[in-house]
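> The structure is given below, and queries will be raised subsequently.
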Amino acid sequence: MDADVIVVGAGNAGLCAAHAARETGCSVLVLEKAPREWSGGNSAFTAGAMRTVHDGLDDLRDLVEPDERFAATDVPPYSTADFAADMARVTLGRGDPEMARVLVGDSRAALRWMAERGIRFRLMYERQAYERDGRFSFWGGLHVGTVDGGRGLIEMHHAAAAATGIEIRHEVAVEALEPGTGVVARAPGGARETLRSRAVVLAAGGFESNPALRASYLGPNWDVAKVRGTPFNTGEVLQAALAVGAAPYGHWSGCHAIQWDRDAPPTGDLEITNRFSRQSYPVGIVVNADGERFLDEGADFRNYTYAKYGAEVLRQPSGWAAQLFDQRSSRLLRTIDYDAPGATRVQADAVRELGEALGIDPERLERTVREYNAAIGPGTFDPAVKDGLRTTGLAIDKTNWALALDSPPYIAFPVTCGITFTFGGLRVDADARVLDVAGRPLPGLFAAGELVGGLFFHNYPGGSGLTAGAVYGRRAGAAAALES
């Protein structure tokens, strides 16, 4: 017996499973396909945001790091009903209601459980708050993140694992499963071996890094999308589970995909991580390569639209677009991303010149901006609430935060589609046991994280992915321990 519990994947979900199993006294072995410097899967490429139920700032004080800005900070409560409603709304009611109930109901306890294991949290001022009248106003139901983002999250997980005797082996690729007995893996030297355990937790991510599987399941042109995170989530473990009878579940033609720097590398960069993201579009406008707007930038807080708008960009001519801002709106950009090293940026003193620099027809772009500005109605701009400042009469109206673009210099950021993770995966029950096509648990097999399907359809509420990994990872590890 190599370990009581084997966990496949060393991201947030896998390491939460490892901690939960280890605290029962089980021996735990974590297998990670990537080398040590790439450890953590997509978790390492996130901003570390985690959506959780809470009762406001006073309720969060014992969870987050102290900050001198607390006295001037407003954090609205985020209730169980709020989280549940957001899950139902953005997934168009297609998500598994029982899975959503578990996610929402466990979110508060899961983060505090993580904190007890050394994971540190903070309020995400730079991403989720606007300063107005000397106070910081948080918005969008997403307020808490890990210290030092996704990379910090993984390093803290590793420290906790080392302190409790959890073994993590890198550059070990799992190629097949033997339910109830273990996994078949290939070590760095190429030798194939069967590693034995009483239970296995699968947390190896989806298939977003595999161009062929993207094209097969998501559709045409998805093979040319850029990958926001790890290049190692190529779907072999997911396919291995299906091969032993696991039930496929969820939205197999859906994914989390954002607006991403057009000139970013094909897969994630270890230094820049998530800073190629371009998510301040609600205060500007987005045009395609033909100079036309094609989405409602102000449909909702970006937390509820960013994960689906990358797909809209991919559908546009040439698969790219440009986010446009002027001197007034550019002051509201999230500098942590828009000023990141290597950010693709174009600036001009006139809209026509901006179009020329972008390779967009200057007259068409001028017309788009002119018609947009003329369509803006009365109202007061407020980025911390859905302010109703909108256009009227356009083919696609902007329904909030409709600031005119009329204050040069004008700034544009070319973007393309950056896929984060796929929504289709395995079916699990409330204890994270992997189910077969008849709804029966497969012996000794559990799953958590992006490899699990059923929670997200079409879209997702920002920050709920890491929380789902923690909630179901904790449940998977605890249930797996009972098998031993």
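> With contacts defined as alpha carbon pairs under 8 Å and 6 or more residues apart, what's the relative contact order of the chain in percent?
Values: 1237 pairs, mean separation 117.4, N = 484.
This gives 24 percent for the chain.
> While we're looking at this one, here's another question. If we sort 60-70, 302-312 on the protection proxy, mean other Cβ atoms within 10 Å, highest first, what's the order? Kindly include the intermediate steps, with their values, before the conclusion.
On the way: 60-70: 13.1, 302-312: 22.5.
With the highest mean Cβ count within 10 Å placed first, the list reads 302-312, 60-70.
> While we're looking at this one, here's another question. At 1.002 mPa s and 20 °C, plugging the Kirkwood radius over alpha-carbon pairs of region 258-418 into Stokes-Einstein gives what diffusion coefficient in µm²/s? Don't jump to the answer; show the numbers that get you there.
Details: Rh = 15.6 Å.
Rounded to a whole number, D works out at 138 µm²/s.
> Okay, moving on. In region 400-435, which residues have a backbone nitrogen under 17 Å from the label point lying 7 Å from residue 88's Cα in the Cα-to-Cβ direction?
none
> Still on this structure, please answer the following. Would you mind estimating how fast region 280-348 diffuses translationally, via Stokes-Einstein at 4 °C and 1.567 mPa s with the Kirkwood radius over Cα pairs, in µm²/s? Walk me through the numbers on the way to the answer.
Details: Rh = 12.8 Å.
The Stokes-Einstein estimate is 101 µm²/s.
> Given just the C-alpha atoms of region 72-191, how large is their convex hull per residue in cubic angstrom? Walk me through the intermediate numbers first.
Details: hull volume 22.5 nm³, N = 120.
Measuring per residue, one finds 187 Å³ for the Cα hull of region 72-191.
> Another question about this same structure. How much length is gained on full extension from residue 436 to residue 135, taking 0.36 nm per residue of separation minus their Cα-Cα distance?
On the way: separation 301, 0.36 × 301 = 108.36 nm, distance 5.21 nm.
Going from the current span to full extension adds 103.1 nm.
> Provide the FRET efficiency to the nearest 0.05 for the residue 120-residue 482 pair, computing r from the beta carbons and using R0 = 45 Å. Before the final figure, lay out each step's value.
On the way: r = 30 Å, r/R0 = 0.66.
Calculated transfer efficiency: 0.90.
> How charged is the neighbourhood of residue 344? Take every other residue with its Cβ under 13 Å from the Cβ of residue 344, and add Lys/Arg as +1 and Asp/Glu as -1.
Working: positive: 226, 262, 275, 278, 345; negative: 261, 263, 337, 339.
Its environment carries a net charge of +1.
> To continue, here is another question. Can you give the calculated 222 nm mean residue ellipticity of the chain, where each DSSP H run of n ≥ 4 adds -39,500 (n - 2.57) and the sum is split over every residue, rounded to the nearest 500 deg cm²/dmol?
Values: 13 runs with 135 residues, N = 484.
That calculation yields -8500 deg cm²/dmol at 222 nm.
> On a full-extension model of 0.36 nm per residue, what is the gain between residue 353 and residue 164, subtracting their alpha-carbon distance, rounded to one decimal in nm? Intermediate values should be presented prior to the final figure.
Values: separation 189, 0.36 × 189 = 68.04 nm, distance 5.96 nm.
Value of the extension gain: 62.1 nm.
> Considering the zone a paramagnetic label at residue 375 would reach in this model (a point 7 Å from Cα along the Cα-to-Cβ line), which residues of region 288-328 have amide N under 16 Å from it?
So the set is 288, 290-300, 324.
> Let's test this: bin the Cα-Cα distances of region 156-284 at 5 Å from zero up to the farthest pair and state each bin's percent.
2, 9, 14, 17, 17, 16, 13, 7, 3, 1, 0
> Stick to Cα atoms and the Kirkwood definition of Rh, then tell me Rg/Rh for region 360-427.
Taking Rh as the inverse mean 1/r over Cα pairs, Rg/Rh reads 1.12.
> Stretch residue 109-residue 80 to full length: gain in nm at 0.36 nm per residue minus the Cα-Cα span? If you can, show how the numbers build up before the last one.
Numbers: separation 29, 0.36 × 29 = 10.44 nm, distance 1.25 nm.
Full extension of this stretch gives 9.2 nm more.
> Describe numerically, in nm with one decimal, the distance between label points set 7 Å from Cα along Cα→Cβ at residue 387 and at residue 147.
3.5 nm
> Follow-up. How big is the chain on each of its three principal axes, counting only the C-alpha atoms and giving the largest first in Å?
Computed over the Cα atoms, the extents are 70, 49, 39 Å.
> Could you work out Rg/(2.2 N^0.38 Å) for region 1-152, with Rg from alpha carbons only? Please list the in-between numbers first.
Working: Rg = 17.3 Å, N = 152, 2.2 N^0.38 = 14.8 Å.
With N residues counted in region 1-152, Rg over 2.2 N^0.38 Å equals 1.17.
> Using the Cβ atoms and a cut-off under 9 Å, what net charge is assigned to the surroundings of residue 19, where Lys and Arg are +1 and Asp and Glu are -1?
+2
FYI, it's all coordinate maths here, none of it is from the lab. Bear in mind the structure is a predicted one, so any value in this text is a computation, not a measurement. Positions of Cβ are backbone-derived with ideal geometry, glycine not excepted, and every protein chain shown enters the neighbour counts.
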